[in-house]
Amino acid sequence: MNETVKNLVTRKSCNSYKPMHVPKKDIEDIVAAGLNAPSGMNKQTPRFVVVQDEETVAKLSKLNADVGHFPIDPFYGAKDVIVVLAKKEVTYIYDGSLAMGNLMNAAWSMGIDSRWIHRAKEVFESAEGKQLLAEWGITDDVEGIGFCILGYAAEEKEKTEINPGRVFYV
């Protein structure tokens, strides 16, 4: 099995992070993988906001928790977040989803843990979310696709068993 396939089949989501940041250079490499994800008609609709400022990460986590009515930190203590948005054109939801996959797979290949946190759509439809977009200079008509939280696992993760009966050969 080559290294790319090995990384794809061994990746796991993380739900407990050490209180440390991912180096900026590593995040830049992860973002490069997201930028190079396939997109419909090469429209390149995904937009990325890298957040390492602890106050902003906490604000995004609270907004996300409020949407989901969670009593816990939905970012699981991760110190770094890549907000994935997509300009509302053609296949933008698929484009953003592929970009999110590239981010998580690139991180895993570098020894960095990640998890896709949903509810970005709802967060950035809210007045506070729209205000953040304006502060960040994002003027395109975008939709929140997800939050890619990044960091280093605080505890060992178990590999999830793959459910059988999901592949059909014709």
- Which residues make up the longest stretch of the chain that has no GluC sites (Glu not before Pro) in a DSSP loop with at most 11 other Cβ atoms within 10 Å? 1-154
- Item | Expected 222 nm ellipticity per residue - DSSP helices of 4 or more, -39500 (n - 2.57), all of the chain, to 500 | -12000 deg cm²/dmol
- Rounded to the nearest 0.05, FRET efficiency between Lys43 and Glu155 (Cβ-Cβ, R0 41 Å) equals 0.55
- Ile145's amide H: which non-local residues (gap 5+, or another chain) put their own amide H closer than 5 Å, with H modeled 1.01 Å from N in plane and none for Pro or chain starts? Val84, Leu85, Ala86
- Sequence of Cys14, Cys148 once ranked by neighbouring C-beta atoms within 10 Å, starting from the fewest: Cys14, Cys148
- Task: At most 11 other Cβ atoms within 10 Å plus a DSSP loop assignment makes a site exposed; report the longest stretch of the chain without any exposed chymotrypsin sites (Phe, Trp or Tyr not before Pro).
- Result: 1-167
- What distance in nm separates the simple spin-label points at Thr139 and Ala32, each placed 7 Å from Cα in the Cβ direction? 3.0 nm
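Bear in mind that the values in this text are calculations on the coordinates, not laboratory data. Here the structure is a predicted model, which means the values were calculated and not measured. Methodologically, a virtual Cβ is constructed for each residue, glycine included, from the backbone with ideal geometry; neighbour enumeration extends over all protein chains shown.
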